[in-house]
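Engineer: Okay, here's the structure, questions in a sec.
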Amino acid sequence: MAVKVSIPTILRTHTSGEKSVEASGGTLGQVIDDLESRHAGLKARLVKEDALHRFINVYVNDEDVRFSGGLNAEVKDGDNVTILPAVAGG
Amino acid sequence: MLVIRRDLVDAMVAHARRDHPDEACGVIAGPEGSDRPERLVEMVNAERSPTFYRFDSMEQLRVWRAMDEADEVPVVIYHSHTATEAYPSRTDVSFASEPDAHYVLVSTRDAHDVELRSYRIVDGVVTEEQVDVVESYMFSHTGADDVPDAD
Ligand SMILES: [Zn+2]
């Protein structure tokens with residue numbers, strides 16, 4: 001199950017500057033574990049205590065996974081996963 | 001230094017005034033590598049709060065995709081403070097995630113004297129920078145090219 005993952009600027013230090021990388025898995029959690037095996041350090045930037053960081057937005061195609069299962073969100077072959085740090089502040 | 005057209009400065013201030021007392025937020029896109037803000041997008045503050053802002057996640061996805069397709073980047077990310085000075089709060093610093101962006105803050109606490117300042121926020125370090133307001137980028141010598149805007 002190959003998916004394309006878009007990496008935001010701030011996390012590209014983990015992907016040798018690549019904007020987009022391939023990964024595999026049937027759920028978002030598996031995709032992130034697969035990414036971590038080749039791009040060490042990425043997982044800690046996305047996941048905290050078995051849930052996505054509150055201020056990291058992850059989308060599968062056009063869906064914010066916050067509303068579709070979080071790390072358990074289903075991922076299918078050919079899907080696009082997009083990671084965007086939330087733009088927020090006080 | 002942030003070099004920015006006057007009409008874009010006016011648009012940020014107008015947006016901040018309109019949303020006062022809630023915080024207003026938005027982004028100004030520009031061609032990748034140009035450091036030239038050109039296309040202003042007012043974003044919804046999903047928090048609708050006088051003390052916090054957050055881009056709506058679905059709107060952010062649409063706007064970021066459109067920038068990607070147009071080979072643009074977020075040159076400016078702006079938001080307003082409605083009761084405090086135009087200086088990044090601790091929360092602003094902890095969430096800053098665009099090391100190449102100019103973070104512009106607009107303070108509307110004084111309705112008659114709106115304050116606008118710009119910062120770089122990289123790895124938790126805030127550096128204020130000068131804001132050079134120009135009528136047109138045609139006569140400012142900031143980027144690799146001095147090509148006038150299409151409009
Ligand atoms: Zn702020």
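Values quoted throughout were computed directly from the atomic coordinates according to the rules given, and no laboratory measurement underlies them. Since the model is a prediction, treat every value here as computed from it, not as a measurement. Neighbour counts run over all protein chains shown; Cβ positions are idealised from the backbone, glycine included.
Engineer: For the range B:74-98: of the residues being more than 13 Å from the chain's Cα centre (by Cα) and either of a type in the set (Gly, Ala, Ser) or more than 13 Å from the ligand (Cβ to nearest atom) (or both), which is surrounded by the most Cβ atoms within 10 Å (Cβ to Cβ)?
Structural biologist: B:Ser97
Engineer: Going by what's in this entry, would B:Ala70 be described as under 23 Å from A:Tyr59 (Cα atoms), among the hydrophobic types (A, V, I, L, M, F, W, C) and either exposed (fewer than 15 other Cβ atoms within 10 Å of the Cβ) or without any contact (Cβ under 8 Å) to a residue 24 or more places away in the chain (or both)? Give the steps one after another, and end with the answer.
Structural biologist: Details: under 23 Å from A:Tyr59 (Cα atoms): yes; among the hydrophobic types (A, V, I, L, M, F, W, C): yes; either exposed (fewer than 15 other Cβ atoms within 10 Å of the Cβ) or without any contact (Cβ under 8 Å) to a residue 24 or more places away in the chain (or both): yes.
Yes: the conditions hold for B:Ala70.
Engineer: A follow-up question, please. Filtering the range B:25-66 down to residues that are among the polar types (S, T, N, Q) and more than 8 Å from every other protein chain (Cβ to nearest Cβ), which residue is surrounded by the fewest Cβ atoms within 10 Å (Cβ to Cβ)? Steps first, answer last, please.
Structural biologist: Residues of the range B:25-66 among the polar types (S, T, N, Q): B:34, B:45, B:49, B:51, B:57, B:60.
With more than 8 Å from every other protein chain (Cβ to nearest Cβ) added as a condition, the list becomes B:34, B:45, B:49.
Working: B:Ser34: 18, B:Asn45: 21, B:Ser49: 14.
Step by step, filter the range B:25-66, then rank; the result is B:Ser49.
Engineer: Further question: Is it the case, given these coordinates, that A:Ala73 is crowded, with 20+ Cβ neighbours inside 10 Å and within 16 Å of the ligand (Cβ to nearest atom)? Quick ask: steps written out before the conclusion?
Structural biologist: Values: crowded, with 20+ Cβ neighbours inside 10 Å: yes; within 16 Å of the ligand (Cβ to nearest atom): no.
No: the conditions fail for A:Ala73.
Engineer: Another question, if that's okay. If I ask for residues that are within 14 Å of chain A (Cβ to nearest Cβ) and either more than 13 Å from the chain's Cα centre (by Cα) or within 13 Å of the ligand (Cβ to nearest atom) (or both), which ones from the range B:100-119 would you list? Can you show your working first?
Structural biologist: So in the range B:100-119, the residues within 14 Å of chain A (Cβ to nearest Cβ) come out as B:100-107, B:119.
Selection gives B:Tyr103, B:Val104, B:Leu105, B:Val106, B:Ser107, B:Tyr119.
Engineer: Scanning for something within 14 Å of chain B (Cβ to nearest Cβ) and within 20 Å of B:Arg65 (Cβ to Cβ), does the range A:22-42 turn up at least one residue? Please lay out each step first, then the result.
Structural biologist: To start, the set of residues in the range A:22-42 that are within 14 Å of chain B (Cβ to nearest Cβ) comprises none.
No; the residues of the range A:22-42 include none that is within 14 Å of chain B (Cβ to nearest Cβ) and within 20 Å of B:Arg65 (Cβ to Cβ).
Yes or no, residue by residue, for (1) surrounded by fewer than 20 Cβ atoms within 10 Å (Cβ to Cβ); (2) free of Cβ contacts under 8 Å to residues at least 12 places away in the same chain:
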{"site": "A:Val31", "(1), (2)": "no, no"}
{"site": "A:Ser37", "(1), (2)": "yes, yes"}
{"site": "A:Asn57", "(1), (2)": "no, no"}
{"site": "A:Asp64", "(1), (2)": "yes, yes"}
{"site": "A:Phe67", "(1), (2)": "yes, yes"}
{"site": "A:Asp77", "(1), (2)": "yes, no"}
{"site": "A:Val81", "(1), (2)": "no, no"}
